[in-house]
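Shown next, in structure tokens, is the structure this report addresses.
The values are calculated or read from the model by the stated rules, or taken from the named source; none is laboratory data. Keep in mind that this is a model prediction, so the values were computed, not measured. Cβ sites come from the backbone with ideal geometry, for glycine too, and all protein chains shown count toward neighbours.
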């Protein structure tokens, strides 16, 4: 029987039939400001509560920005290992910043995988967040190269024995339909923004989940002072 782990977001595990299958990569997608990063941090904090080592690859914002954002929820994320990026203005390139002295490789898919491997060699990491797939895809002008390299990333993540959430900032499944179906994710979780009676509401759905039954409905979701909360017994439209 496949082992499942909790996501840390109340109600979401009910939709997932008990949680995520351990050791697989999953896609978390949606537009800006819908709570993807908050949910991802909850996922890692749940790992910390279970004495797991966790890793956050922040390709969109700095580690300091991430810590400041999460402090609004009263969360101290100092125990989360964060790798972020910095831009070298004169060269116009992005570099990965790790806690290793003198280690600031240029941001490429190969260097990203090397950094993750280095972390895995030194720590018994069980949960990873990569924020975001959009940043990885932006490395490639050719759609063929983009698909090939996304496939390589997913194949690599599938061998790590880590449960990984990959954030897609745009939620553009149409851009990578073939890649998603054949290579990417053991599951796809999507956060939506909908308008109801003049109010903008968040909702969440499970688009795909391999090897596990799941709730096929779109369920209401709120970003509260305690983070993302899902309401698995409620319907968005009555």
What is the residue count in region 153-186 for residues that are closer than 22 Å to residue 60 by Cα, outside any helix (DSSP H, G or I) and modelled with pLDDT of 90 or more?
6
Taking region 11-23 and keeping residues buried (at least 22 other Cβ atoms within 10 Å of the Cβ) and part of a loop (DSSP other than H, G, I, E, B) leaves 16
Show me the strands (runs of 3 or more DSSP E) entirely contained within region 37-152 in which 3 or more residues are within 24 Å of residue 191 (Cα to Cα).
53-58, 125-131
Does residue 125 satisfy the condition of being touching a strand residue (DSSP E or B) at 6+ places or on another chain (Cβ under 8 Å) and under 25 Å from residue 27 (Cβ atoms)?
yes
Looking only at region 70-90, decide whether some residue is more than 16 Å from the chain's Cα centre (by Cα), surrounded by 15 or more Cβ atoms within 10 Å (Cβ to Cβ) and under 25 Å from residue 139 (Cβ atoms).
yes
Residue check for residue 216: in a loop (DSSP other than H, G, I, E, B) and either at pLDDT 85 or above or on the phi > 0 side of the Ramachandran plot (or both):
yes
Among the residues of region 194-207, what is the count of those that are touching a strand residue (DSSP E or B) at 6+ places or on another chain (Cβ under 9 Å) and over 22 Å from residue 14 (Cβ atoms)?
2
Failed condition for residue 34, given (1) under 14 Å from the mean Cα position of the chain (by Cα); (2) without any contact (Cβ under 8 Å) to a residue 60 or more places away in the chain, with all others met?
(2)
Output yes when any residue across region 101-108 is more than 27 Å from residue 8 (Cβ to Cβ), touching a residue at least 12 places away in the same chain (Cβ under 8 Å) and buried (at least 17 other Cβ atoms within 10 Å of the Cβ), and no when none is.
yes
Restricting attention to region 53-61, does a residue exist that is surrounded by fewer than 21 Cβ atoms within 10 Å (Cβ to Cβ) and either within 13 Å of the chain's Cα centre (by Cα) or modelled with pLDDT of 95 or more (or both)?
yes
